[in-house]
1. Mind checking whether some residue in the range 15-29 is small (Gly, Ala, Ser), more than 13 Å from residue 59 (Cβ to Cβ) and without any contact (Cβ under 8 Å) to a residue 12 or more places away in the chain?
2. It is to be established whether one or more residues within the range 52-62 are within 10 Å of the chain's Cα centre (by Cα), modelled with pLDDT of 90 or more and of a type outside the set (A, V, I, L, M, F, W, C).
3. Give the number of residues within the range 8-30 that are part of a helix (DSSP H, G or I) and within 9 Å of the chain's Cα centre (by Cα).
4. Within the range 30-45, which residues are of a type in the set (S, T, N, Q) and either within 16 Å of residue 61 (Cβ to Cβ) or in contact with a strand residue (DSSP E or B) (Cβ under 7 Å, 6 or more places away or on another chain) (or both)?
5. List the residue pairs whose Cβ atoms are under 8 Å apart, where the first residue sits in the range 42-55 and is closer than 17 Å to residue 9 by Cβ, the second is basic (Lys, Arg) and outside any loop (DSSP other than H, G, I, E, B), and the two are 6 or more positions apart or on different chains.
Amino acid sequence: MIGRGEGTVTETLSNGDTPLHVGVRQEDVSCMQVLIEQGANLSTENDQGQTCAHLAILEDHVEAL
């Protein structure tokens, strides 16, 4: 899901998750850092209204915060 090119950090899955949401779910801090550097929006909500911070809290992934 991560790659070079326009739109890759803003693409969404069928559930509305962005690559940044996926990085949080997988607790992949280095992935999250790259996505943020590439312009990923921290405020984007998935279809359940969850931002990446919401997910990190709900799934107890404190490193993602």
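The values are calculated or read from the model by the stated rules, or taken from the named source; none is laboratory data. Only a predicted model underlies this, so the values are computations on that prediction, with no experimental measurement involved. Cβ sites come from the backbone with ideal geometry, for glycine too, and all protein chains shown count toward neighbours.
1. Checking the range 15-29: not a single residue is small (Gly, Ala, Ser), more than 13 Å from residue 59 (Cβ to Cβ) and without any contact (Cβ under 8 Å) to a residue 12 or more places away in the chain.
2. No, every residue in the range 52-62 fails to be within 10 Å of the chain's Cα centre (by Cα), modelled with pLDDT of 90 or more and of a type outside the set (A, V, I, L, M, F, W, C).
3. The qualifying residues number 7.
4. 30, 33
5. So the pair list comes out as 55/25.
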